[in-house]
1. List the lysines whose Cα sits under 30 Å from the Cα of LYS539, skipping any in the same chain fewer than 8 residues away.
2. Can you check what the net charge comes to around ASN192, using other residues whose Cβ is under 9 Å from the Cβ of ASN192 (Lys, Arg +1; Asp, Glu -1)?
3. Convert 37 °C to kelvin, take the viscosity as 0.692 mPa s, use the Kirkwood radius over C-alpha pairs of the stretch 470-542 as Rh, and evaluate the Stokes-Einstein diffusion coefficient in µm²/s, rounded to a whole number.
4. Which percent of the accessible heavy-atom area of the chain goes to carbon and sulfur, probe 1.4 angstrom?
5. Projecting each Cα onto the charge dipole of the chain (Lys/Arg +1, Asp/Glu -1 at the beta carbon, about the Cα centre), which of THR293, GLY220, ILE330 comes out farthest on the positive side?
6. If you take the C-alpha gyration tensor of the stretch 385-535, multiply each eigenvalue by 5 and take the square root, what semi-axes do you get, largest first, in whole Å?
7. Roughly what % antiparallel, to the nearest 5, for the DSSP beta bridges in the stretch 401-505?
8. With +1 on each Lys and Arg Cβ and -1 on each Asp and Glu Cβ, how big is the dipole of the stretch 100-239 about its Cα centre, in debye rounded to the nearest 20?
Amino acid sequence: MKTHIQNLILVLAVSAGVNQAIAQVLTNIVVSPANPTIVVGSNQQFVATGYYNNGSSGVLTNGGGTASWTAVSGMPAPKNGAACAAVNGHLYVVSGAGFNASVFDYNPASNVWSTKTPLPSNYAYAGAAGIGNKLYFMGGCENSDCSSATGNELLIYDTLTSLWTNGATFQRRSLAGVGVINGKIYVTGGQNSAYIGESALQIYDPASNLWTTAQSMPIGRLQCGATVINGKLYVVGGYDGNPATPFGSLVVYDPTTDSWTTKTSMPTPRLGLGAASVGGLLYAIDGVTASGTATNLVEVYNPATDSWSTGAPTLIAHNLAQPVTINGTIYLAGSSPQNNAITNAESYTPQNSLWSSSSPTMASINTNGVATGLTAGTTTIKAISGSVSNSATLTVVSFPVITMQPTNNTVPPNGVNLSVTATGGGLSYQWQLNGTNITGATGATLPISNVTLTNFGVYTVIISNLAGTITSQTAIVSLADLKMFAGFFVYGPIGTNYVIQSKANLTNVWTTRTNLALPSQPYIYIDYSSPTNPQQFYKAMPQ
């Protein structure tokens, strides 16, 4: 999945009798809809559209893909049981039972094969791996004869100098599974001289030129498929020496724990199959079924769901071919159903989109891009094809629930804030005063400032989202204004008439404020205008 150029499709065009290759590279993905909102329990279909460097575009499908295998230029000479590996973006096909010790180099960008320095000796059914500028060729059967002996040699080809050198020897085996993890070569399974499937796992470190032994596979197997996904070695299919009972089992080795785990078995047990990985998926390619029939079946394993699906079939049925992934494209070369040497080569670019949810407890998403809302919140939905990805934000909402109601307030003149707290996700707010919407009052908090008579009344807030609407309890807003009033006591007989007078200073003329008959004894007179008046002198005179 960590590739620099993704979804390379070779389209052959004939011009003046020359085959030309056009590289189509995925440059961008657009996920739609961009930022949808759904209700808990409902679904949202996402679509990932891929855009390519040649201006074309198309919908990316799930792990199985909709692309088909495409024939590419045939090898200079036929091969069968060859070892295959990728080095610096090129496909190397080495030795094999069909054509002595030759080495062929395929350049996907030009769709052209070239011949390189041959092996020092001819081996078939060996393993191969590429690291940096070097090709590592290991084991196999010498002179195509596996009945007498299997090889234990490691031969190293430097693509810069075109020279072969010897590396450290290892346990004899052919038809083994090979993978590269963190610059080291992992070799497991394979056939010994007795035609028995091996279970041993050996690791080669190019830096020290040393082999070490790790935890063996649960069962021995040969003619299995092997590939690496996210730093783990996946081994599938093969058989233990009895071709009538091929395996469907899939086992995974984790170098960090030096342990194997067993995953869901491949639907169709096969031996002589190949395995490759693209975009985090395992492709189990071709091989021979229990009936002894070679097949062009491709089955696809998704580690995220521990499940299998069916991919696009190869153009012809290959047996004992070693598929190689280069820049998001799988390549097959040589090895016909009858183990005959052939020149055929083909490629496959799975236009797959792997979906993921950053918060799967809020929303899950399946391989077809259908997301299901589980709990309220937001999650990032991502579509990935090789190293190209893009995402959308999915908001999941539930019915609004008010967890803190707005409360009654007797406010001072400078104001108060009304507030509400609610859950549910994707919430919108509308405050009302006496049943009428307040313009611009659309937040969880409503500030009321510079209080006047127009602010007094009954407040509510309506909270809404995609799931529904809820109205809060009422909150009454009233005014409390602290003022100091002048007043005095009048003592006299009840019913006696009095005149109440006042003046601002002692030199002024007295002004009558009221005449009254004392309603009580004592009687309290309050001047309600006093907070806004200057000082006053008061007197009460009986009439």
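The values are calculated or read from the model by the stated rules, or taken from the named source; none is laboratory data. Everything numeric here is computed off the predicted structure, so don't read it as measured data. Glycine gets a Cβ as well: all are built from the backbone with ideal geometry, and neighbour counts include every protein chain shown. Note: areas computed on protein heavy atoms with side chains; ligands, DNA, RNA excluded. Shrake-Rupley method; radii C 1.70, N 1.55, O 1.52, S 1.80 Å.
1. Once the sequence-local lysines are set aside, what remains near LYS539 is LYS483, LYS503.
2. Local net charge: +1.
3. 222 µm²/s
4. Carbon-and-sulfur percentage of accessible area, whole number: 53.
5. Toward the positive end, the furthest listed residue is ILE330.
6. Semi-axis lengths for the stretch 385-535 are 60, 17, 11 Å.
7. 90 percent
8. 280 debye
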